[in-house]
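The values are calculated or read from the model by the stated rules, or taken from the named source; none is laboratory data. Quantities reported herein were computed from a predicted structural model and do not represent experimental measurements. Backbone-built Cβ (ideal geometry, glycine too); neighbour counts: all protein chains shown. In case anyone asks, the SASA skips ligands and DNA or RNA and just uses the protein heavy atoms, side chains included. Shrake-Rupley method; radii C 1.70, N 1.55, O 1.52, S 1.80 Å.
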Amino acid sequence: MPEHLEAFDDVLAANDEYVKTFDLDGLAPRAARGLAIVTCMDSRIEPLDMLGLKPGDAKIIRNAGARVTEDVLRTLALATHLLGVDRIMVVPHTNCKMASATRDQVIDIVEQASGIDVRSLDFRLVSDQRETLLIDVQKIRSWPFFPPGIAVSGFVYDVGTGRLTAVT
Ligand SMILES: [Zn+2]
């Protein structure tokens, strides 16, 4: 086994156990509930559990801050045209670092931690979470490459209570 794989010993061992009871063989690639969820990578979010979903029900797209980027639009285009998605939820959350830190703060934190200069990166930070959500949802609604009749809404997920609140 290559030496660099040692970093993954624990999860590879867990996977050896997983395959013994694996029961998702034959699960259809289409989203059974027609749902796509764009949310943050934050560990406090369990997208399936919080919406009463099970594996196969939805397409989950995650990035820092739940931002609607070109890559998210590309992925949603494939999800709507090919994978049965006809409704899209955009779900940022409370206490998101992406919505509370400034660009300079993030650059400073990385610089202090590693000495690496990340000023050339676009972190897509959010200064007004509600306003940014409205814009991101509108970006999906007005994108011309989706099939007609797609439902799109924006919500905020409260990581302290688990509650989802509709914003738009
Ligand atoms: Zn977040």
Global geometry of the chain, whether rounded, prolate or oblate, following the gyration tensor of its Cα atoms and the 1.5 cut on a/c: oblate
What accessible area, in Å² to the nearest ten, does a 1.4 Å probe give for Asp23? 120
Hey, for a label at Arg44 modelled as a point 7 Å past Cα toward Cβ, could you say which residues of the stretch 90-109 have their backbone N under 15 Å away? 92-101
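Please get the size of the charge dipole for the chain, origin at its Cα centre, with Cβ charges of +1 on Lys and Arg and -1 on Asp and Glu, quoted in debye to the nearest 20. Intermediate results must be reported in sequence, preceding the final value.
Working: 18 positive and 24 negative charges, 211 e Å.
About 1020 debye.
Roughly how many debye, to the nearest 20, is the charge dipole of the stretch 62-159 about its Cα centre, given +1 on each Lys and Arg Cβ, -1 on each Asp and Glu Cβ, and no other charges?
Details: 11 positive and 12 negative charges, 67 e Å.
Roughly 320 debye, rounded to the nearest 20.
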Segment Ser114-Asp86, length gained on full extension (0.36 nm per residue, minus Cα span): 5.8 nm
Just to verify a number: what accessible area does Leu82 come out at with the full protein assembly present, 1.4 Å probe, Å² rounded to tens? 110
Just in the stretch 54-158: which trypsin sites (Lys or Arg not before Pro) are loop by DSSP and have at most 12 other Cβ atoms within 10 Å? Arg119
For Lys54, go through the aspartates and glutamates and keep the ones whose alpha-carbon is under 18 Å away, minus same-chain ones fewer than eight residues off. Asp23, Asp25, Glu46, Asp86
Each residue of the stretch 108-116 in turn: what ³J(HN,Hα) in whole Hz from Karplus with 6.51, -1.76, 1.60 and θ = phi - 60°, glycine and Pro shown as x? 5, 4, 5, 4, 5, 6, 10, x, 8
Taking every DSSP beta bridge that has both residues in the chain, what percent is antiparallel when rounded to the nearest 5? 15
Using amide H atoms built in the peptide plane, which far-off residues or other-chain residues are under 5 Å from Val152 H to H? Ile88
Solvent-accessible surface ranking, highest first, for Phe8, Phe123 at 1.4 angstrom: Phe8, Phe123
When the charge dipole of the chain is computed with +1 on Lys and Arg Cβ and -1 on Asp and Glu Cβ about the Cα centre, the Cα farthest towards its positive end, among Val159, Leu12, Ile116, belongs to Val159
Rolling a 1.4 angstrom probe over the protein chains, ignoring ligands and nucleic acids, what is the accessible area of His4 in square angstrom, nearest 10? 130
